[in-house]
Amino acid sequence: IQQNATDILEIIPPNIEQFIASNNNIRGSLPASLNNLPKLRQFNMASNSLSGILPGFIESFATLEDLDLSNQMEGFTGPIPEKLWRSLSLKILNLADNRLTGTIPSLVGNLDELEVFDLSNNLINSSLPSELGMRGDGASLKHLDLSNNAFTGVIPYQIGQLRDSSVLLKDNRFQNTSTT
């Protein structure tokens with residue numbers, strides 16, 4: 001598919017539950033709102049040529065469980081919208097291989113359903129919030145990849161408390177001491 005993202009997204013049927021358009025040549029930016037998709041559970045446009053600022057449209061999807069916008073040839077830029085951290089149904093969040101900047105706020109601790117969290121190969125340059133490792137009793141984070149960014153500070157000891165998880169933090173700027 002070689003088309004503009006906005007043109008494609010305007011013609012999606014409103015009752016769709018999965019939208020997978022990965023590994024194409026879809027270009028351009030994503031629209032700010034996709035209010036016409038109330039049942040969407042999976043949104044995957046990985047490995048395309050999307051660019052621009054990552055929109056805050058996530059609030060349009062009350063049922064969204066899987067968001068994969070990774071591996072963009074052009075790459076999304078700027079910070080991750082705060083609204084994204086309020087999407088409580090997310091199980092998979094993959095924004096790897098873009099040019100995202102900014103921080104991971106303490107709101108990440110609210111994502112109790114999150115199983116896969118991949119922000120590798122971006123330009124994020126903040127410290128890690130301890131809430132990433134304190135996500136409630138039922139938290140089931142299985143894969144955390146924050147490699148190849150510019151994270152600073154110490155790695156919160158709470159990250160080490162994640163059970164049965166794959167945690168990748170290589171190629172950042174962490175200090176080598178930790179406090180409790």
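The residue that is most open to solvent (accessible area, probe 1.4 Å), counting only those in the range 71-88 that are among the polar types (S, T, N, Q) and either touching a helix residue (DSSP H, G or I) at 6+ places or on another chain (Cβ under 7 Å) or part of a loop (DSSP other than H, G, I, E, B) (or both), is Asn71.
Checking each residue in the range 1-59 for being in contact (Cβ under 8 Å) with a residue 24 or more places away in the chain, among the charged types (D, E, K, R), in a loop (DSSP other than H, G, I, E, B) and over 20 Å from Lys83 (Cα atoms) picks out only Glu17. Contact map, the range 104-124: residues that are open to solvent by less than 20 Å² (accessible area, probe 1.4 Å) paired with residues that are modelled with pLDDT under 95 and of a type in the set (Lys, Arg), Cβ distance under 6 Å, separation 6+ or inter-chain. Pairs shown: Gly109/Arg135. The listed residues are Asp164, Asp97, and the only one of them that is of a type in the set (D, E, K, R), under 22 Å from Gln72 (Cβ atoms) and either in a loop (DSSP other than H, G, I, E, B) or open to solvent by less than 40 Å² (accessible area, probe 1.4 Å) (or both) turns out to be Asp97. Determine if the range 129-152 includes at least one residue that is part of a helix (DSSP H, G or I), within 25 Å of Ile12 (Cα to Cα), in contact with a helix residue (DSSP H, G or I) (Cβ under 9 Å, 6 or more places away or on another chain) and aliphatic (A, V, I, L, M). No. Tell me, yes or no, whether the range 134-144 has at least one residue that is open to solvent by less than 60 Å² (accessible area, probe 1.4 Å), over 22 Å from Leu64 (Cβ atoms), of a type in the set (A, V, I, L, M, F, W, C) and in contact (Cβ under 8 Å) with a residue 24 or more places away in the chain. Looking for residues that are open to solvent by less than 60 Å² (accessible area, probe 1.4 Å), over 22 Å from Leu64 (Cβ atoms), of a type in the set (A, V, I, L, M, F, W, C) and in contact (Cβ under 8 Å) with a residue 24 or more places away in the chain, one finds none in the range 134-144, hence no. Taking the range 57-70, which residues are open to solvent by 20 Å² or more (accessible area, probe 1.4 Å) and within 12 Å of the chain's Cα centre (by Cα)? Passing the criteria: Glu65, Asp66, Asp68.
The values are calculated or read from the model by the stated rules, or taken from the named source; none is laboratory data. In this text, all values refer to a predicted model and were calculated from it rather than measured experimentally. For neighbour counting, all protein chains shown are included, and Cβ atoms are generated from backbone atoms with ideal geometry for every residue, glycine included. Just the protein is used for accessible areas: all its heavy atoms, side chains included, with ligands, DNA and RNA removed. Shrake-Rupley method; radii C 1.70, N 1.55, O 1.52, S 1.80 Å.
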